[in-house]
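Accompanying notes for the structure given below.
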Amino acid sequence: MSVGLVVGVAGAALLVVFMRRVRLPSEGLYPLRTLAAAGIIYGLASVAHGSGFLAVFIAGLALGELDVPYKRQIQRFHTSLASLGEIVVFVVLGLTVNVSQLFDQGVWLDVLLLAVGLAFVARPIGLAPFLAPMNLRLGEKLFIAWGGLKGAVPILLAAFAILSEVDDARRIYEIVFVVVLFSVVVQGATVPFAASRLGVPMRVVGR
């Protein structure tokens, strides 16, 4: 993780200079350039025996706050690409998990307790130090703690465990499946209700 962090920060620093100074002949090439840069950052971190996923994530966070040419077009492209990736990941998850086997092994109860602990204990405690100095109402802080949905990222990381032939990788994958299912169904479905109860205004966008 340390290697991934260093590669991500260094890659973002070099990329922002490159993006600002090197002009491309077409507007449509700018999103492709950032996609290629993500692949390079991932590859460099992996070759250095670090987390390529973390490196790309850190680089994306750093670049997201900076002003670069055609930033809006780049964001739209990657938002669409991310949505497509999530669809693929969830389809693969559905095809690779045997739900009946989960019941037979008694995984459900243990993992549901884990999911509840993550939602009500681990995430609020983990976020508390970061949310404390922010100028937000208590209801807004509680909403942020409740809205941490689990989705494609945990599934992807669990798939890495299987590909690396980690001990009990299949069980890890099944645990992630139940946690993600709980998060999407329970937390996701109750986000509007939580927002209204905690006084957080919501509005429909894209219409």
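The values are calculated or read from the model by the stated rules, or taken from the named source; none is laboratory data. For clarity, every value in this text was computed on a predicted model and none was experimentally measured. So basically every Cβ, Gly included, is an ideal-geometry build from the backbone, and we count neighbours across all protein chains shown. Each accessible area value is taken on the protein alone, full model and side chains, heavy atoms only, with ligands, DNA and RNA left out. Shrake-Rupley method; radii C 1.70, N 1.55, O 1.52, S 1.80 Å.
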Test F57 against the criterion of being open to solvent by 60 Å² or more (accessible area, probe 1.4 Å), within 19 Å of A159 (Cα to Cα), within 20 Å of the chain's Cα centre (by Cα) and in contact (Cβ under 8 Å) with a residue 60 or more places away in the chain, and give yes or no. no
Cross-chain or 6+ apart pairs with Cβ under 8 Å, region 122-136 first and in contact (Cβ under 8 Å) with a residue 24 or more places away in the chain, then surrounded by 12 or more Cβ atoms within 10 Å (Cβ to Cβ): R123/A145; R123/G148
Going by what's in this entry, would R171 be described as closer than 30 Å to L84 by Cα, basic (K, R) and modelled with pLDDT of 85 or more? no
So is L142 in a helix (DSSP H, G or I), at pLDDT 85 or above, open to solvent by 40 Å² or more (accessible area, probe 1.4 Å) and in contact with a helix residue (DSSP H, G or I) (Cβ under 9 Å, 6 or more places away or on another chain) or not? yes
Would you confirm whether or not region 102-113 contains a residue that is at pLDDT 85 or above, more than 30 Å from R21 (Cβ to Cβ), surrounded by 16 or more Cβ atoms within 10 Å (Cβ to Cβ) and not polar (S, T, N, Q)? no
Condition first: of a type in the set (D, E) and out of contact with any Leu (no Cβ under 9 Å at 6 or more places or on another chain). Can you find one or more residues in region 170-193 that meet it? no
Pull up region 187-207, narrow it to residues that are surrounded by 14 or more Cβ atoms within 10 Å (Cβ to Cβ) and free of Cβ contacts under 8 Å to residues at least 60 places away in the same chain, then point me to the one that is farthest from V88 (Cα to Cα). L198
Somewhere in region 33-52, is a residue modelled with pLDDT under 90, of a type in the set (F, W, Y) and surrounded by 12 or more Cβ atoms within 10 Å (Cβ to Cβ)? no
What is the number of the single condition among (1) outside any helix (DSSP H, G or I); (2) more than 15 Å from the chain's Cα centre (by Cα); (3) modelled with pLDDT under 85; (4) among the charged types (D, E, K, R) that K150 does not meet? (2)
Candidates L163, L157, filtered to the one that is farther than 30 Å from R137 by Cα, among the aliphatic types (A, V, I, L, M) and in contact (Cβ under 8 Å) with a residue 24 or more places away in the chain: L157
Given the conditions (1) within 16 Å of the chain's Cα centre (by Cα); (2) more than 22 Å from G151 (Cβ to Cβ); (3) exposed (fewer than 11 other Cβ atoms within 10 Å of the Cβ), report the number of the one that T79 does not fulfil. (2)
